[in-house]
Structure formats: structure tokens, C-alpha cells
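In what follows, a single structure is set out as C-alpha cells and then discussed.
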Amino acid sequence: MLKDKMRWIYMADLLADEYRQCLLEGREVEGYREEMERILNLSPGQEKEEQAAGLIRKMEKAPIKAEYSYKEPTGWEGIQKVLPEGHGREYPVPKNAVYEKVKGAWYGRAAGCLLGIPVENWTRKKIADYLKDTNQAPLRDYINDTDRSELMEKYEIVREDPNTSYDRQMICWRNCVEGFPVDDDTNYSIMAIKLLERYGKDFRAMDAAEGWLLGFPAFHACTAERVAYRNLLNGLLPPGTGLYLNPFREWIGAQIRADVFGYVNPGKPGKAAGMAYEDAVVSHTKNGVYGEMYIAALLSLCYVDELDMRQKVELALKEIPPESRLHDGITGICRMFGQGCTYEEMIDAVHRVYREENWFDWCYVVPNAMIVTAGVLAFGDDYDKAVTRTVLSGFDTDCNGATVGSVVGLHLGFGRLDGRWFEGLSEVRSSIHGYEKMKMEEVVDRLVELMK
């Protein structure tokens, strides 16, 4: 039914997420808890929606606590003022290395995403138990579903989901799909290509927003992006679109849109982060924006072979505010890695702070960026381990699998990736107008052309 697909729109459904978001931002909202509970107990209807919207606006405007320790500017100039010395430094990249690198990134991203799609929103225990019960452990390849009725019931296995946000209804178990299906992770990469081809490298947030409205259906946007889409249609413009009645403003959505901006800026992390900023503020703010900037900068640095992965991560961190929650979380992972902690120990540390069974934590940018960072640090020279272990870590499995696959694929280059991951992936489908079906090789060629 249509109403079942109207997620992330109804104001009452947004209240709890807004309350959690404001707590993380250090806002004084504890006094609104009782009012929130009262509104949630009202009968569904216009009155409930209006009261919920009013409370969300009050919480969005609540003051920051005096003792709040993080400093998180929102505007471009404010961000640049707090960056450390050495940010924006550019590195030479041999032209003859670009094609192999970007091909590895694009194919690596697609495979990592497809690996994680069918178990998205599963806990890591559920993933591990399912793989064991279906004889797919240890995870070394794509995940298939099962015909065993007792396991289908135990794990709630289905092959169709009529409420999916995309035109496809098949769950993307590898045995159920041909080629690469429509998915938001890929949609935004294709959208970025269209954005750059249409508006050029000097595009601004207004151009990105216009590209969305012209480029893909509203139902193909999720969480913060769907809210931003709604705000655009109601006459708001960026950066207001990412702020107004938007409790998802620091979720992972912008971070998964970063890749192309890193690809087209070889060795130029500052420029990559700048493009990512313009794209991100359409739907996000603060750490939601920083997440896209960080990944774009990291990918840009992956062209530089003289740097190891830890150096690339640390240099990418120079492009985001050093006293932000995101910087703090990623720095913690880097510290653990430097102390010799295992990948499992780093992931356990994420799970101790954030709960993957909680919808907010599962989509919040900080734990997901920490998982991505742990994956690329621990397995930067081993694509197979990088994507499989990342997916096994839970949280946003397809987004994180895609990002880790992208980073490691670019770092290694296509020739060092096992070809089995790309069997049957000759073309990619998207819901971007005019770009609905493209050969994988054509995407690589377009990306290389955009670098010129």
C-alpha cells in the first residue's frame, strides 16, 4: 500500500529520532521528554502531526549546553577556519595510474555493496548464525538465500519486499538478481556523475538539489534525503533543506554519496572534500556533512601510492573539524590500530558504544565511519577480507561494504582484485533519469573523462 511506503515523512514518527539527535548535538531537550511521550500517545491524525512538528521545531532550536565539549561548525568558512595545518595539501599522481585505480574503486564499490545488501539491518550475530546454518561460513563470496523452510522461518527470509524504496521488489540475494540492481548507494554515485557532467566541477549545493529534483523519484530517497526532497518541494533551499524537520541530518546518507568526488580529484583531498561539502549540505549538517568530506578526501588520497593506508586516513582527517564527534570516533579507531588491536577488538569497541539493533545507531554516521576506518586499516591490502569482514560487522552492511570496497579497490587497483566478484556485473542499473542502464566500463570511462 502507498501509506506503507510513506516512511520518514510523518512528524510523529520522527519525534524519537529528533530527541536522540538533539541529545548527541548537546542540546537541552531533556525537559521535552514528557511532552514527547504525550504526543506519541495521541490518536493518529492531523492534530498529532501538527503537535509533533511543533515539538520537533522547538527541539531543533534548543540551546547547546554550556559544558558541551565538541566544536562543530556548519558553514564552509567556519569549517575551514578550524582545520589543522597541512589540510588541502595536494599530491602528484601519475596519469597512467588513474584508469586502473578508478576501475578498481568502481568495481570494488559495486561488489562490496551487493555483498551487504541482503543482510542490511541484520545484527552481526544474526548474520553469523545465518551463514553458519546455511553452510556459507566463513564468508568468502556473495550471500544466497535458502529453500529450507525452517531456516526461512527462523531468519524471516523473503525474496520479495513490496515496500522497498525502489522499483525493484526482489531482495538482492545473489541467487535472486542478475547484474547490479537499483540501490541508493549506486544511485547517488550515478547522480554525482550526472551532476558533474551537467554543472561542472564548480557546482554548488543549489545545483545538486536541482539535480535531485530532475533526476530521481522521491520514493528512491531515504531518511535525510527524503526529508530534504520534501523540504525542496515545500520551497526551502540548501542548507535549510538539511536542517528543517530533519532528525536524520547526521545519518550515513551523505557519506555514501562521497565516492565520485574523491575519484575525480586524484591526490587533491581538499578539493574532493569541497565538492562533498556542497553535495552534503542539501540533506545533512555537522557530522553528516563531515562524513562525506572525510570519505571523499580519503578516496582522493588513495591514488597516492607513496602513502600507506594509515597515513591516508590521518591525512583525510585533516579535512574535517578536529573537535567533532566524527573526528573523535575515527581517531579512537586509529589509536587502537596503532596500539596493535585486532579488527575484532576495534569492532567490539564500536558495539560497546552504539547499538546496532537501535534504528538510530544503525544509521548514525559515526559508528559506520568507524567501522569503515577499521576495515580499511586492518585489511587495506586484502580486498576480500576488507569487504567480507566489514559486512560481518553489522550496522549498515551495504553502505559500509560499498565504501570499504571503494577505498580498498582504489588503493589496490583493479588488477589486484579477484575477478570472481565481478562475474555477471557487466552493467549497472539506477533510477537516475537518462542514466538508467550503463555498462560498468562506461562508468569508468566517464569518471576518467571527468578528471580531465
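Odds and ends about this structure:
- Label corresponding to Kirkwood radius over Cα pairs in Å when calculated from the structure given, among [x] 22.6; [y] 23.4; [z] 22.0: [z]
- This model, with +1 at the C-beta of Lys and Arg and -1 at the C-beta of Asp and Glu, gives the chain a dipole about its Cα centre of some 660 debye.
- Whole-Å semi-axes of the stretch 277-430's equivalent ellipsoid (Cα gyration tensor): 22, 18, 18
- The stretch 3-60, relative contact order in percent, only Cα pairs under 8 angstrom and at least six apart counted: 47 percent
- Mean separation of Cα pairs under 8 Å and 6 or more residues apart, divided by the residue count, gives the chain a relative contact order of 25 percent.
- Shape of the stretch 1-109, Cα gyration tensor, a/c cut at 1.5: oblate
- Descending by average beta-carbon neighbour count within 10 Å, the peptides 391-398, 291-298, 23-30 line up as 291-298, 391-398, 23-30, the highest first.
- Modelled spin-label separation between residue 100 and residue 160, with each label point placed 7 Å from Cα along the Cα-to-Cβ direction: 4.7 nm.
- Theoretical FRET efficiency, 1/(1+(r/R0)^6), r = Cβ-Cβ of residue 342 and residue 43, R0 60 Å, to 0.05: 0.70
- Full extension of the segment from residue 449 to residue 140, taken as 0.36 nm per residue of separation minus the current Cα-Cα distance, would add 107.8 nm.
- Working note: Cα gyration tensor of the stretch 3-60, eigenvalues times five, square-rooted, sorted largest first, giving semi-axes of 20, 13, 8 Å.
- Residue 423/residue 35 FRET efficiency (R0 56 Å; Cβ-Cβ; nearest 0.05): 0.50
- Residues of type lysines that residue 439 reaches as a straight line, Cα spacing below 16 Å, ignoring anything fewer than 8 places off in the same chain: 103, 194
- Size descriptors for the stretch 146-276: radius of gyration and Dmax over Cα atoms are 17.6, 55 Å.
- Extension reserve of the residue 382-residue 9 stretch, reckoned as 0.36 nm per residue once the Cα distance is removed: 130.2 nm
No lab work stands behind these numbers, since they all come straight from the coordinates. Since we're looking at a predicted model, the values are computed, not measured. Glycine also receives a Cβ, built like all others from the backbone with ideal geometry; neighbour counts cover every protein chain displayed.
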